[in-house]
1. Going by the conditions given, is Val48 of a type in the set (Val, Ile, Thr) and outside any helix (DSSP H, G or I)?
2. Give region 216-229 a look and list any residue that's among the hydrophobic types (A, V, I, L, M, F, W, C) and crowded, with 22+ Cβ neighbours inside 10 Å, or say none.
3. Looking at Ile95, Ile109, can you tell me which residue is farther than 24 Å from Thr189 by Cβ, touching a residue at least 60 places away in the same chain (Cβ under 8 Å), in a helix (DSSP H, G or I) and touching a Ser or Thr at 6+ places or on another chain (Cβ under 9 Å)?
4. Take region 184-210 and flag every residue that is small (Gly, Ala, Ser) and buried (at least 19 other Cβ atoms within 10 Å of the Cβ).
5. Tell me the residue from Thr25, Thr101 that is in a helix (DSSP H, G or I), among the polar types (S, T, N, Q) and under 28 Å from Glu197 (Cα atoms), please.
6. For Phe137, which of the numbered conditions (1) of a type outside the set (Asp, Glu); (2) surrounded by 12 or more Cβ atoms within 10 Å (Cβ to Cβ); (3) assigned to a helix (DSSP H, G or I) fails to hold?
7. What about Leu180, is it assigned to a helix (DSSP H, G or I), surrounded by 17 or more Cβ atoms within 10 Å (Cβ to Cβ) and of a type outside the set (Val, Ile, Thr)?
8. For the subset of region 68-92 comprising residues that are part of a helix (DSSP H, G or I) and of a type in the set (Ser, Thr, Tyr), which member is nearest to Thr216 (Cα to Cα)?
Amino acid sequence: MHSSYDIAASRPQSALQTNKVLRNTYMLLSMTLLFSAVMAGLSMALNVPYGAALLCSLGALGIIWFVIPRTAESSNGLLAVFAFTGLLGFGLGPILNMYLTGFSNGGQIVMMAMGLTGFTFVGLSAYAVTTKKDFSFMGHMLMAGIMVAFVASIGVLVASLFGFYWQPLGLAISALFTILMCGLILYQTGEIVNGGETNYILATTTLYLSIYNLFTSLLHILGVSMGED
């Protein structure tokens, strides 16, 4: 049986551990976002073709599925995270160039998508940290929703390769991803705050993916709704 002293002593220790995970997560997230931005800038400067974005996404998918889960408890996990975010950042370059050159107001669209993404992430994270609400009930719903959205986006991509693209469906998928990524930010931050996630490498990967997908989804929505030739 635990004494009242043991219980009281464990609470500060638990709070310290949670704060450490949260601090390490945000620190690593900031570094990976910066690295990703550098890689995107490099890709844009090299004028990498659009097909590279798909190859980079496939490579990043392989890392997040097969490498990061096996290395998250070691220093190799840090290398895997930077490889993952670097690939996605490099693949983002051709997409950004497409908006910047395809629309006369492409710069405005990119900056607006970036601002909305940052505002949304900071707002949702701050809410989860300050309220300390438990969002674990969202886990299964988010997983199911992300799988549906992912399969649908693959279907749209394959159809577009054969010349078939229905814009309303593409917009609906982007809107669905936007909602799901907002939920995922709340869920993952809540897991860290409440002690459900103790590995900052896995937490960083999830939050980075949320930010990336939120940004690209908003970019698509804004490009369709306010893009000028």
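1. Values: of a type in the set (Val, Ile, Thr): yes; outside any helix (DSSP H, G or I): yes.
Considered against the rule, which asks whether it is of a type in the set (Val, Ile, Thr) and outside any helix (DSSP H, G or I), Val48 comes out as yes.
2. So the first thing to find is which residues in region 216-229 are among the hydrophobic types (A, V, I, L, M, F, W, C), and the list is 218-219, 221-222, 224, 226.
Scanning region 216-229 gives Leu218, Leu219.
3. Values: Ile109 fails: touching a Ser or Thr at 6+ places or on another chain (Cβ under 9 Å).
After ruling out the rest, the residue left standing is Ile95.
4. Of all residues in region 184-210, those small (Gly, Ala, Ser) come to 190, 195-196, 203, 210.
Scanning region 184-210 gives Gly190, Ala203, Ser210.
5. Values: Thr101 fails: under 28 Å from Glu197 (Cα atoms).
Sole residue among the options that is in a helix (DSSP H, G or I), among the polar types (S, T, N, Q) and under 28 Å from Glu197 (Cα atoms): Thr25.
6. (2)
7. On the way: assigned to a helix (DSSP H, G or I): yes; surrounded by 17 or more Cβ atoms within 10 Å (Cβ to Cβ): yes; of a type outside the set (Val, Ile, Thr): yes.
When the stated conditions are applied, Leu180 passes them.
8. Just the residues of region 68-92 that are part of a helix (DSSP H, G or I), to begin with: 68-71, 76-92.
Keeping just the survivors that are of a type in the set (Ser, Thr, Tyr) gives 71, 85.
Working: Thr71: 27, Thr85: 14 Å.
My answer is Thr85.
No value in this document is a laboratory result; all are computed from the given coordinates. Since we're looking at a predicted model, the values are computed, not measured. Positions of Cβ are generated from backbone atoms using ideal geometry, with glycine treated the same way; all protein chains shown enter the neighbour counts.
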